[in-house]
Amino acid sequence: MQKNRLKSGGHIQRDDILNFTFNGKKLQAYKGDTLASALLANDIKIVGRSFKYHRPRGIFSCGPEEPNAILQVGSGSRTEAGLKATQVELYDGLIASSEKGWPSLHFDVAIINDWLSKMFGAGFYYKTFMYPAKFWKLYEYFLRKMAGFGYAPDENDPDYYSHHNEHCDLLIVGAGPAGIMSALVASQSGANVIIVDEKEKFGGKLLYSDEKIDNTVAIEWVERAQAELEKAPNVKCLKRSTAFGYYDYNFLTVCERYTDHSPETTVNSPRQKLWRIRTQSVVLAQGAFERPLVFSNNDRPGVMLASAVSEYIKRFAVLPGRNIAIFTNNDSAYQTAIDLKNAGVDSIIIIDSRPENSSAATIKTNELNIEVKFCSVVTNVQGSNKVEGIEIAKLNSETGLHDNELIYRDCDLLAISGGWSPAVHLHSQSGGRNAWSEKLHCFIPKNTHQKNTSVGSSNGFWGLKDCLEDAKKRTSEMLTDLGYELSEKISFDVEENNYVSMSPLWRVNDGKDPESHPKQFIDYQNDTSVSDIFQAVREGYKNIEHVKRYTALGFGTDQGKLGNINGMAILAEVLNKPIADIGTTTFRPAYTPVSFGVCAGQEIGEFFDPIRKTAIHDFHENQTSPFELVGQWLRPWYFPTQNETIENAVKRECLAVRNSLGIMDASTLGKIDIQGKDALNFLERIYTHDVSKMAIGQCAYGIMLGEDGMIKDDGVMTRMAENHFYLTTTTGGAASVMSWLEQWHQTEWPDLDVYLTSLTEQLSTIVLAGPNSRKVLKKLMVTGIDKESMKFMTFVKSKIDDIDVDIFRVSFSGELAFEINVDSNYALHLWNILIEAGKEYEITPYGTETMHVLRAEKGFIIVGQDTDGSINPEDAGLGWMLSRKKDFIGKRSLLREDSIRNDRKQLVGLLSLDGKTVIPEGAQIIRKGAHKKPIPMYGHVSSSYYSPVLGHPIAMAMIESGRDRHGEEFLAVASCGTEIEVKVVNPVFYDPSGERQNVE
Amino acid sequence: MLIIKCPWCGDRDETEFSYGGEADIKRPVAPEALSDEEWGDYLFMRKNTKGVFKEQWNHSAGCRRWFIVERDTVNYDIKATYKF
């Protein structure tokens, strides 16, 4: 039973009944309804509880400005919080619930906040929950429970979303009368046009207007125009699409909703699409928002915007009351009285704050015998869960104050109108300014910053004819400016109401302290009332931006749509300044809330980040090696045999390298080729060691510092020829080192003749490590790698199986090892040859975990693990690598006071005293027996493993003055609370003299 | 989102570029001759210009060249872009 549904009229389909539930209650409405109109049709009065005082609230508006009907919609994985019922198209099976109200919407225990509201003024939360600081967790628990902003689904989103980039000449935002007119003009010019509107149908306010264009009812004109535009090859019409962000250089974001109006039934469609539109110019035809009036208890369920009442009657055939009062300071609300009369309502009264006048609107209501009280205001609303009546007083138009003598009148609906404010949101986001109009009593766009123009009621033209004329004129100017010729003249004939006259009434005031009256709300969504503005000023806030933050005026999803102008005007009154001097607050995207899903688009899951695989990846995958993500690379972590644990696999791999032969895919190393006659000069400036001392064919471990003196990256550098070098970088640093080198070359030393080329993907690197590594190469008849001819840290060009290879005798494990570079196209083939040849030495593929253990046994650092951007070479025990002969990047910083203090953290080795416990990485180092807080922290554990070859755990740590503390005992405390007794030792645990390089 | 004119490639979206901070920070010729304070100025101190600001950008997802942009920090208008 839809109690408030009219027998006829509206754009709903009465033969298409939709079932839905609200707070568990089963209800029915029709196709074409919004959730809000469906609730009103069913006479649902309370739809939510207010933010701070938990006052009962009802549907207030019919559009995106709705402050109260903010609901949880959908169930399971599709549930969504914070939707405005006025914007949700009803579908069969829709499940909605109010987000607030505990234990129930009609009995909310937190209403006590309202009874105690005098305590809860502006800044209450700031002032009250500060102390004691440790109680915040407790406060937060209850505050969150009370705030109750709906909930997020706890399952994955079943829908998908897409992004679309588009360019156009003219983007028109809004398809009300102005937007449509603009599109008609632009369509004939041949310009490439996009017009977007948030509703499922074009028309805006014409969807519920009695006015006529070209002798037909406006809605028919709209339908014809829409059909014409949809046919035009140069016009793209986007419905259910909200332009929510306007960014620099005419870049706008539009969210188009495909399936939200029938989420379960639409298949093979993205749920929403994000249009990223770059346009030459923009026409902003967003329309205007009706303002509320400010008086006591103006938030009771049953107080609604006058235009919303008209829209519900005429678009949805919903009549939300029978005994109706209209409170206004302008003519436009008279249209609501006329609409009510036409809908069969007899009991209507208009309370108009203005003196008696004979405008077209009053003449018309007079004809219809509608009662009007001029020079009157509504001072208060009776009833708490719904409007039961109003108190009316006479207004002294001289003083602006009202009498104390009150007349009481019953009513069940109060329609209010405080005039109109252009929707300047996108104009403001684009960098445009607004100016206060003394004539129109609103802010209108002024001084555009980008190429755009506001038209129609967005530009302060309220009457239909003016609105269309303005759109036509400004769009033509814009198109001419873009170089389009306008051939056909568009003319139109308008039969309009022109109910536009208005006289400001910013608040109902009797001259007494607003605290002495029940709350007079300015911003419903944030529970900001007149007394909050007074209090903010009393406490010293004078700038609108500060008052906004202190009182929450215009916060949240309201974004200044409903209450801002009244708030500014009241602030102006309190400060005794003109409104023009108060200015607006900053409007920011998003205009209306946007889902995370549509922002992410398809860049989720496996598409979140590209995956890079080495040329040898197939081998690793066949071995069912678990992979580790390093940068974007998938690297084999370890190579388990059947059912082998990671501990056992790593132990086996480590011992294989130490005792016989291991093979590793090191292709992810960053590889940079440097040539040019100034290559040496360039590298001398970059690296800390004396590059000029390197002979051709020689390799050197090199580190590069940031200009701040901290270790940036490390790797092996090889002098391939006089003016030709080859560098390796860490896997993670490959791209950043490359661009950093380019930056120095291009911006600081463009005179140097140097060419940098990344070879990271062109070359693959295979490491053969272990005492039998040379034997395998010899078996494959590789030349140039004899013990006598190829010294440690040298390079040769050679061939394996007739494939060209570069062989480097370098070692990250401490064993005899060869790094073999090969064209990536041959890498897997070469790898298989080496595996086959190494069988007699039980060649063992090893992964990153074993590589880490082996290098830690030798005390080699990993940049980014043992260093963190605050470690200089001296700290890391690499002071020997610093050239005294030349300048290099970062050198000067090593002489700064902070760099030379003697209590810096230094790299050390750590052994657990029990010889068994592996110390967790990240553990903090403190003194044994230190209990007095704050406990001094000496450093932290940066790397820690079990060493199979040594048979006990080893760790590396950065400890204050660490090199002077060898032999000292400390306590390592892990985040889980475990305490391990440790001893500081030299970080080179295995083969400190480097004997193992000398095997045959 | 800005449109930046790469001096080599022409107008491109901001997403193709990366930012490199203030331009014209000249690396001192003889760093060791500087006091800690002078070196600190070079290393850490940057202008916070209100108005037209010369800055370095890199066409990192394009030609990978560094170049100079003169940009108004108040309204993001780009006055000029040119090569080093």
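Remarks
Yes or no, residue by residue, for (1) open to solvent by 50 Å² or more (accessible area, probe 1.4 Å); (2) in a loop (DSSP other than H, G, I, E, B); (3) charged (D, E, K, R):
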site: A:884; (1), (2), (3): yes, yes, yes
site: A:902; (1), (2), (3): yes, yes, no
site: A:921; (1), (2), (3): yes, yes, yes
site: A:928; (1), (2), (3): yes, yes, yes
site: A:949; (1), (2), (3): no, yes, no
site: A:972; (1), (2), (3): no, no, no
site: A:975; (1), (2), (3): yes, yes, no
site: A:983; (1), (2), (3): yes, no, yes
site: A:992; (1), (2), (3): yes, yes, no
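- Residues located in region A:221-235, provided they are out of contact with any helix residue (DSSP H, G or I) (no Cβ under 9 Å at 6 or more places or on another chain) and not in a loop (DSSP other than H, G, I, E, B): A:223, A:224, A:227, A:230, A:231
- Leading residue by the ranking (nearest to the other protein chains (Cβ to nearest Cβ)) among those in region A:249-264 that are in a strand (DSSP E or B) and open to solvent by less than 40 Å² (accessible area, probe 1.4 Å): A:251
- Among the helices (runs of 4 or more DSSP H) confined to region A:516-604, the ones with at least 3 residues that are under 21 Å from residue A:441 (Cα atoms) are located at A:544-551, A:564-575, A:579-582.
- Single unsatisfied condition, residue A:220 versus (1) within 24 Å of residue A:84 (Cβ to Cβ); (2) open to solvent by 50 Å² or more (accessible area, probe 1.4 Å): (1)
- Residue within region A:678-688 that is away from chain B (no Cβ under 14 Å), under 30 Å from residue A:623 (Cβ atoms) and not in a loop (DSSP other than H, G, I, E, B) present: no
- Failed item in (1) under 28 Å from residue A:429 (Cβ atoms); (2) surrounded by fewer than 16 Cβ atoms within 10 Å (Cβ to Cβ), with residue B:83 passing the rest: (1)
- The set of residues in region B:45-57 that are under 20 Å from residue B:13 (Cα atoms) and either at pLDDT below 95 or aromatic (Phe, Trp, Tyr) (or both) comprises B:53, B:57.
- The condition of being over 23 Å from residue A:730 (Cα atoms) and within 14 Å of chain B (Cβ to nearest Cβ) holds for only one of A:898, A:914, that being A:898.
Condition check ((1) closer than 30 Å to residue A:210 by Cα; (2) among the aromatic types (Phe, Trp, Tyr); (3) buried (at least 19 other Cβ atoms within 10 Å of the Cβ)) across all residues:
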| site | (1), (2), (3) |
| --- | --- |
| A:7 | yes, no, no |
| A:26 | no, no, no |
| A:36 | yes, no, yes |
| A:53 | no, yes, yes |
| A:64 | yes, no, yes |
| A:73 | no, no, yes |
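- Qualifying positions in region A:836-850 - surrounded by 24 or more Cβ atoms within 10 Å (Cβ to Cβ) and under 18 Å from residue A:950 (Cα atoms): A:850
- The strands (runs of 3 or more DSSP E) found entirely in region A:400-464 that carry 3 or more residues being touching a Cys at 6+ places or on another chain (Cβ under 8 Å) are A:420-422.
- Residue that is modelled with the lowest pLDDT, among those in region A:102-144 that are within 29 Å of the chain's Cα centre (by Cα) and closer than 30 Å to residue A:39 by Cα: A:144
- Members of region A:629-667 that are open to solvent by 60 Å² or more (accessible area, probe 1.4 Å) and part of a strand (DSSP E or B): A:629
- Meets criteria (assigned to a loop (DSSP other than H, G, I, E, B) and modelled with pLDDT of 70 or more) for residue A:159: yes
- Any chance residue A:246 is at pLDDT 95 or above and either within 14 Å of another protein chain (Cβ to nearest Cβ) or surrounded by fewer than 20 Cβ atoms within 10 Å (Cβ to Cβ) (or both): yes
- Residue match in region A:788-803 (condition: at pLDDT below 95 and closer than 26 Å to residue A:695 by Cβ): yes
- Residue within region A:357-371 that is under 20 Å from residue A:207 (Cβ atoms), assigned to a helix (DSSP H, G or I) and open to solvent by 10 Å² or more (accessible area, probe 1.4 Å) present: no
- Only one of A:694, A:710, A:704 that is crowded, with 17+ Cβ neighbours inside 10 Å and within 14 Å of chain B (Cβ to nearest Cβ): A:710
- Matching entry among A:689, A:724 (being more than 30 Å from residue A:651 (Cβ to Cβ), in the same structural domain as residue A:819 (by TED's automatic domain parsing) and surrounded by fewer than 21 Cβ atoms within 10 Å (Cβ to Cβ)): A:724
The values are calculated or read from the model by the stated rules, or taken from the named source; none is laboratory data. What you are looking at is a predicted structure, and each value in this text was computed from that prediction instead of being measured. Every residue, glycine as well, gets a Cβ built from its backbone with ideal geometry; the counts of neighbours run over all protein chains shown. Heads up: the accessible areas ignore ligands, DNA and RNA and are worked out on the full protein's heavy atoms, side chains in. Shrake-Rupley method; radii C 1.70, N 1.55, O 1.52, S 1.80 Å.
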